[in-house]
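Trainee: Below you'll find the structure I mean.
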Ligand code: A3P
């Protein structure tokens, strides 16, 4: 995969957070704040990352040039996109923007130079990446991305759409505690059992419909589907697939993860320095409110045909029908 020089540069400057902050300041204030996850993530990451305080000697690697991304994490919201980005950017041959640039949806009129400028500098052989989960459900995104780079690699983290919907609702609830209950929002008519598929928390999980849109522009071989569930129980296994897909050496392995009991999720560590663990911030891995089991049941029935269609389209069975609880 090349990049011996890249690896050395990475070893000299083992951290990415300062770069995330740089990228953030390159973005307009509004985007940085609206980004669904970033601020809290940054805070969590800074707090969790003891080594960033070490002697203040950490500086942003400033080598190479800014390039347009060769790979994108396009979705899905609440699928585990932050966990994936933070894990893949441990790889010395990957450089990624910490914030969500939202270029192909909200900021497209700013132009490709704006977009390129948001990217970190890279050396030859390093892959530039970003993640913006709303791309997956943006109608114009496939066409726009295709017109920038038709050979770009696309990654989608998918998760049981029922759990995803509840996770999405939980996030909204944390910002707007006054919203109606999940049970109320989920139905057009509860007595008739009519699910409100126009509610974004539900619409985003109809993966087959969104994927159809992407397949108008990209062959399936250019899209990798990562299981959000497996990313939690076997992060190294999913990361092996991601690295293979990106044509990278398998550098991020079991050695980089440990299960943090307090957090209840896998966290990252540097294999040679276990004193510097990194868990995601508190907005990742929230406790979900309890949802009426009957509503969960109806949602599962609603999603089932779409899930089947999605398994068929991707040739992968994500086993969402097998699960018992909502988690
Ligand atoms: P919950 O907060 O509902 O549990 P995204 O980053 O796309 O917004 O996804 C957030 C979800 O990532 C979380 O949803 C959580 O379940 C999942 N996740 C996967 N790996 C994780 C990890 N290592 N730490 C925290 N959350 C993780």
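Trainee: Give just the number: which of (1) within 12 Å of the ligand (Cβ to nearest atom); (2) closer than 23 Å to residue 310 by Cβ; (3) not in a strand (DSSP E or B) does residue 135 not satisfy?
Mentor: Status for residue 135: all satisfied but (1).
Trainee: Further question: Can you name the strands (runs of 3 or more DSSP E) wholly within segment 142-231 that have at least 2 residues being over 26 Å from residue 297 (Cα atoms), modelled with pLDDT of 95 or more and away from the ligand (no atom under 15 Å from the Cβ)?
Mentor: Working: elements: 153-158, 187-189, 223-227.
Answer list for segment 142-231: 153-158, 223-227.
Trainee: Moving to a separate point now. Being surrounded by fewer than 18 Cβ atoms within 10 Å (Cβ to Cβ), more than 14 Å from the ligand (Cβ to nearest atom) and not in a helix (DSSP H, G or I) is the filter here, so list the residues in segment 291-327 that pass it.
Mentor: 292, 315, 316, 317, 319, 321, 322, 324
Trainee: Residue 262 - would you say it is outside any helix (DSSP H, G or I), within 13 Å of the ligand (Cβ to nearest atom), loosely packed, with under 13 Cβ neighbours inside 10 Å and modelled with pLDDT of 95 or more?
Mentor: Working: outside any helix (DSSP H, G or I): yes; within 13 Å of the ligand (Cβ to nearest atom): yes; loosely packed, with under 13 Cβ neighbours inside 10 Å: yes; modelled with pLDDT of 95 or more: no.
So residue 262 fails the test.
Trainee: Also: Looking at segment 151-180 only, could you name the residues that are touching a residue at least 60 places away in the same chain (Cβ under 8 Å) and surrounded by fewer than 14 Cβ atoms within 10 Å (Cβ to Cβ)?
Mentor: Hits for segment 151-180 are 151, 174.
The values are calculated or read from the model by the stated rules, or taken from the named source; none is laboratory data. What you are looking at is a predicted structure, and each value in this text was computed from that prediction instead of being measured. Every residue, glycine among them, receives a Cβ derived from its backbone with ideal geometry; neighbour counts consider all protein chains shown.
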